[in-house]
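What follows is a single structure, written as C-alpha cells, with notes after it.
Read-outs: derived from the displayed coordinates by stated rules, not from any lab. Because the structure is predicted, anything quoted here is derived from the model rather than measured. Please note: Cβ atoms are built from the backbone with ideal geometry, for glycine as well, and neighbour counts cover all protein chains shown.
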C-alpha cells in the first residue's frame with residue numbers, strides 16, 4: 001500500500017515537472033511557469049526538508065541537508081527550474097532505490113514467507129488446528145500433502161517426500177520415514193506424516209534461522225562501519241568547502257552545484273547493499289552467515305582446519321572389508337552378526353547392518369555369550385563356540401594367527417579397525433570397519449584449493465594411524481591427532497600465528513571451543529549440535545560439505561562486489577567534481593548523475609542474488 005501511494009506521488013511530481021519544463025520553453029519564466037515549478041519543488045522537497053531538519057535535532061548532517069541547502073539557494077537566486085528538477089530527481093531516485101533494495105532482500109523475504117502459519121495437532125483422539133506457537137512439546141502433529149511442518153520432531157507414523165529448501169537449500173525433496181527427523185518450515189510434497197513435537201515455537205530450527213538472519217543484517221561489516229563514520233564527517237566538510245568556494249569565487253551557483261554533486265549516497269550505500277544481498281543469497285541456499293563482518297572474514301580465509309568425525313567423515317562406522325578363510329563371506333557375516341547382537345558397541349552395529357543388507361534379517365541369538373572388556377566376546381551358535389574380537393582375545397584363548405597377521409596389519413595401516421572372527425581351530429575371517437568419508441569430501445578439498453585456500457588441515461581426537469589414513473586419502477596439507485578440545489584451541493592459535501585468517505569447521509560439542517577460538521567458526525548444521533551452531537559464525541544448515549565451497553565463493557563474490565561499488569562511487573564523485581570545477585555540470589545534471597550512480601551500485605549488488613545459479617555448476 002505504501003509503495004502504491006509513493007508511486008502515485010511520483011507520477012504526480014513527474015507530471016508537474018514536465019509541465020513546468022514545457023511552460024518554460026513556451027513562456028519562459030512567466031508567473032504561471034514559476035508557480036508550477038514552485039509547486040513541484042515544494043511537493044517533492046517537503047519530505048526532504050523535514051528529514052533534514054529532523055536529523056539536525058540529533059546533530060546529524062546528512063545527504064538531505066545538502067539537498068535542502070542547494071535547493072534553498074537555487075530558489076534564492078531564481079533558479080526555479082533547477083530547484084524543481086533537483087527535488088524531483090532526488091525523490092524519484094529515492095523511490096527507485098527503495099524498489100531495488102527490496103529486490104536485494106527478496107531472498108530473506110522469501111525465507112520469512114515460508115514460516116508455517118498453522119498446525120494440525122491430535123490431542124486425546126481429537127484433531128485441532130492451532131497457531132504454531134500453541135503447540136507444546138510432545139504433541140502429535142499431523143501433516144498432509146502440501147502443508148508446512150510447524151515443529152522440529154521425530155516421525156512416529158507415515159512417510160513422505162519433504163521439500164527442505166527453506167532450511168537446507170536442497171532443491172530436490174528428500175524422503176523421510178518413521179524414526180527420522182523433520183524440521184519446521186519444510187513442506188510435505190507427497191505422503192502423510194505424524195510427528196512427535198521435540199522442539200516448538202522459537203526453539204525450532206526454522207525460528208532460530210530466522211532470528212540469526214535478522215541479527216546478521218544488523219551486524220555491519222568493517223568497511224560499512226568505516227563508510228558510515230566517514231559520511232558523518234564528510235557531509236559537514238562538504239558544506240564548509242562549498243561555503244569557502246563561494247567566499248573565494250563569489251559564484252553561488254558553483255557552490256550550490258558542489259553541494260549536490262558531493263552527496264555521498266552511492267558511497268554510503270555501496271557496502272550495506274552488497275552485504276544484504278550476499279547474506280540473503282546464503283540464507284536461501286542453506287548457508288547462514290551471521291553478519292557483514294563475518295562475510296568479510298569468510299572472504300579472506302586462507303587456512304581451514306577440519307574436525308574429522310562427523311565433519312569430513314560420516315561419523316558412523318561402516319563395514320569396508322571382508323576376508324574369509326575356509327568359509328564364504330556370507331557365512332562369515334552370519335556368524336559375526338549373530339554374535340554382535342549381544343554387543344551394543346558402534347562397531348557391532350556396523351557389522352549387523354552390513355549382514356542384514358547382504359543376507360537379510362538376523363533372527364538368531366547367541367547362547368552363553370561372554371564379554372571381555374577391551375578384547376571382544378565368545379558365544380555359542382548351534383552348539384559351536386565362536387570368538388569375535390581383537391588379537392588379545394585370541395591370544396588369551398591360546399589361538400595363534402600367523403596367516404592372518406599380515407592382512408590385519410595392512411588393514412590397520414589404512415586406518416581400519418579389524419574384527420577377527422574364529423573358532424577353536426583358528427581364524428575364520430577378518431572384518432574391517434571404518435568411519436567412511438562424507439560424500440563429496442574429496443571433491444571439496446580440490447574446490448577449496450581452486451578458491452585460493454592455501455592450507456587445509458585436520459584436527460581430531462582419533463588415533464594417529466586413522467587420522468593419517470583420512471588425511472592421505474583427502475590430500476590434506478597435514479593433520480593433528482589424539483587431541484583434546486583444549487589441544488585444538490592451541491593448534492588453532494599456532495596456525496593463526498603463522499599468518500592469514502583461519503577457519504575451523506566442526507559439528508560436535510567438543511568442537512565449540514575451537515569454533516570460538518578460530519578467526520571464523522563454521523558449523524555443520526545438518527547433524528551438528530546446538531552448541532556448535534550457536535558458537536559458530538557460519539552455519540551450513542545441511543550436512544552437504546559442498547556448501548562450504550559455496551559459502552566461501554559467495555563471501556568472496558560479495559566482498560568483490562562491495563569493492564566494485566566503492567571504486568565506482570569514488571570515480572563518479574571525482575568526475576563530477578572535475579565537471580563542477582570546469583563549469584560543465586549544473587545542479588540538475590549533477591543530481592541526475594548522482595541518482596543514476598546510486599541505482600547502478602544497487603543493481604550491481606542485485607547480481608549477487610543470482611550467484612548460486614552460476615556457481616552451482618562449479619560447486
Tilt of helix 346-359 relative to the longest C-alpha principal axis of the chain, in degrees (0 to 90, nearest 10)?
80 degrees
For the residues 136, 430, 287, 141, what sequence is obtained by ranking on other C-beta atoms within 10 Å, fewest first?
136, 430, 141, 287
Going from the fewest other Cβ atoms within 10 Å to the most, one would list 42, 545 as 42, 545
By average C-beta atoms within 10 angstrom, highest first, the peptides 478-489, 74-85
74-85, 478-489
The chain - mean residue ellipticity at 222 nm from DSSP helices (-39,500 (n - 2.57) per run, n ≥ 4, rounded to 500)
-17500 deg cm²/dmol
Over the range 237-389: Rg over Rh, Cα atoms, Kirkwood Rh:
1.57
Each label point is 7 Å from the Cα along the Cα-to-Cβ direction; what then is the distance between the points at residue 463 and residue 192, in nm?
5.2 nm
List the equivalent ellipsoid semi-axes of the range 315-436 in whole Å, largest first, each obtained as the square root of 5λ for an eigenvalue λ of the Cα gyration tensor.
18, 18, 14
Quickly work out the residue 57-to-residue 5 label distance, labels modelled 7 Å from Cα along the C-beta direction, and quote it in nm with one decimal.
1.9 nm
Which entry is the computed Kirkwood radius over Cα pairs in Å for this structure: (i) 25.9; (ii) 23.9; (iii) 29.2?
(iii)
Calculate, for residue 39 and residue 240, the FRET efficiency according to 1/(1 + (r/R0)^6) with r their C-beta to C-beta distance and R0 25 Å; round to the nearest 0.05.
0.15
FRET efficiency, 1/(1 + (r/R0)^6) with R0 25 Å, evaluated for residue 390 and residue 363 via beta carbons:
0.35
Label residue 534 and residue 178 with points 7 Å out from Cα along Cα→Cβ: what is the distance between them in nm?
3.5 nm
